[in-house]
Amino acid sequence: MDARRPEPCRNIMSHASPDEKKWILVIDSQETMRDILERFLNADGYFVSTAADADEGVAKARSLPLSLVILDLDLPFSGGLCALAELKGSPATEHLPLLLISSKFHERDLRGLARPGRDGYLTMPFSYTEVHDSVSDLLGLDERKADDSRKHKTIDKP
């Protein structure tokens, strides 16, 4: 019997050179959620950096070569909303697409906070597939269009 484990299936991004891989920043105060999202994103071949609070997250967003920021709006002391305002308002980060996540905000509130054509949102709880699809959509890696049955929403340009 062969004791070697088979090579796991890998996303196409796994074969990309480091210059082609995308960097994603996860800003979430809960260590468990940061770990889960990091595992989800690593499984898809992304480089991931994490931050535990708004200040650390905004500082990393300004200094790393990011392709996307996943931001928990439920950060303590309105930190998520403050980080959102800083990320949207800073010339160094305003170009970044944002995936807003929340367990407290209603979908209509998240829709109002997301920039049309640029940001997306997920309400918790969410699955690996929802995170994968959302990130792919926001980075323009997904060939298929989002349908109304998916929980992830991107905001179309008016």
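The values are calculated or read from the model by the stated rules, or taken from the named source; none is laboratory data. Fair warning: this is a prediction, and the values are worked out from it, not measured in the lab. We place every Cβ from the backbone using ideal geometry, glycine too, and count neighbours over all the protein chains shown.
For the stretch 54-68, give me the residue count where each residue is of a type outside the set (A, V, I, L, M) and more than 15 Å from the chain's Cα centre (by Cα). Spell out the reasoning first.
Residues of the stretch 54-68 of a type outside the set (A, V, I, L, M): 55-57, 60, 62-63, 65, 67.
Cutting the leftovers down to more than 15 Å from the chain's Cα centre (by Cα) gives us 55-56, 62-63.
Residues flagged as of a type outside the set (A, V, I, L, M) and more than 15 Å from the chain's Cα centre (by Cα) within the stretch 54-68 amount to 4.
For the list (1) farther than 14 Å from L99 by Cα; (2) among the acidic types (D, E); (3) in contact with a helix residue (DSSP H, G or I) (Cβ under 8 Å, 6 or more places away or on another chain), I need the number of the one condition that D74 fails.
(1)
Given the conditions (1) exposed (fewer than 13 other Cβ atoms within 10 Å of the Cβ); (2) on the phi < 0 side of the Ramachandran plot, which single one is not true for E107?
Among (1) exposed (fewer than 13 other Cβ atoms within 10 Å of the Cβ); (2) on the phi < 0 side of the Ramachandran plot, E107 violates only (1).
I need a count of the residues in the stretch 30-42 that are surrounded by fewer than 17 Cβ atoms within 10 Å (Cβ to Cβ) and farther than 14 Å from G79 by Cβ. Even if it seems obvious, please write down each step before you answer.
Pass one, the stretch 30-42, residues surrounded by fewer than 17 Cβ atoms within 10 Å (Cβ to Cβ): 30-32, 35-36, 39, 42.
Adding the requirement that they be farther than 14 Å from G79 by Cβ leaves 31-32, 35-36, 39, 42.
Qualifying residue count for the region: 6.
Please go through the stretch 115-147 and pick out each residue that is modelled with pLDDT under 80 and among the small types (G, A, S).
Narrowing the stretch 115-147 to residues modelled with pLDDT under 80: 117, 141-147.
G117, A146, listed by residue number.
Search the stretch 111-124 for residues being in contact (Cβ under 8 Å) with a residue 12 or more places away in the chain and over 14 Å from the mean Cα position of the chain (by Cα), and hand back the single one that is surrounded by the most Cβ atoms within 10 Å (Cβ to Cβ). Let's see the steps before the verdict.
Let us first name the residues in the stretch 111-124 that are in contact (Cβ under 8 Å) with a residue 12 or more places away in the chain, namely 111, 113-124.
Those left that are additionally over 14 Å from the mean Cα position of the chain (by Cα): 111, 113, 115-117.
Values: R111: 15, L113: 20, R115: 13, P116: 11, G117: 11.
Top of the filtered list is L113.
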